[in-house]
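First the structure, in the form of structure tokens, and then the observations on it.
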Amino acid sequence: MSEKELEKIADNAKIIVNGYAFSIREDGFISILNLEHPDCAIVISHDFEIIETNMDEIEQGIVIELAKRNLQFLEEHNA
């Protein structure tokens, strides 16, 4: 992924927490991309159910916890 593509993702993210860009997809799921390692991504529901991912289990746990702690800000920004 080019630096320009990463910049666009970061600019369009609803929030960025600890280097992870959180975006709301058109289908309502939350897409989370590791901006330092853009080959690591996860898609979750608002109930924190993993829809798809290529992250290892440790990173999944970290990202799910970040999502839980910041969901209110994501939703507020989305309103």
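Bear in mind these aren't lab numbers, they're just calculated from the coordinates by the rules spelled out. Here the structure is a predicted model, which means the values were calculated and not measured. Cβ: placed from backbone, ideal geometry, glycine included. Neighbour counts: every protein chain shown.
Size descriptors for the chain (Cα atoms only): Rg and Dmax, in that order, 11.6, 32 Å. In the chain, which longest range has no GluC sites (Glu not before Pro) that are both DSSP loop (not H, G, I, E or B) and surrounded by at most 13 other Cβ atoms within 10 Å? The reported range is 50-79. Taking label positions 7 Å along the Cα-Cβ direction at both residue 48 and residue 6, the computed distance is 2.8 nm, reported to one decimal. Shown in residue order for segment 51-62 are the 3J(HN,Hα) couplings computed by the Karplus curve 6.51 cos²θ - 1.76 cosθ + 1.60 at θ = phi - 60°: 8, 7, 6, 10, 7, 6, 4, 5, 5, 4, x, 4 Hz (x for Gly and Pro).
Subtracting the Cα-Cα distance of residue 56 and residue 15 from 0.36 nm times their residue separation leaves 12.5 nm of extension gain. Close amide H contacts of residue 51 (hydrogens built in the peptide plane, cut-off under 5 Å, sequence separation of 5 or more or a different chain): 43, 44, 45. If you take all other residues with their beta carbon under 13 Å from the beta carbon of residue 19, and give Lys and Arg +1 and Asp and Glu -1, the sum is -2. For segment 10-79, what does the relative contact order come out to in percent, with C-alpha contacts under 8 Å and a separation of six or more? Relative contact order, segment 10-79: 23 percent.
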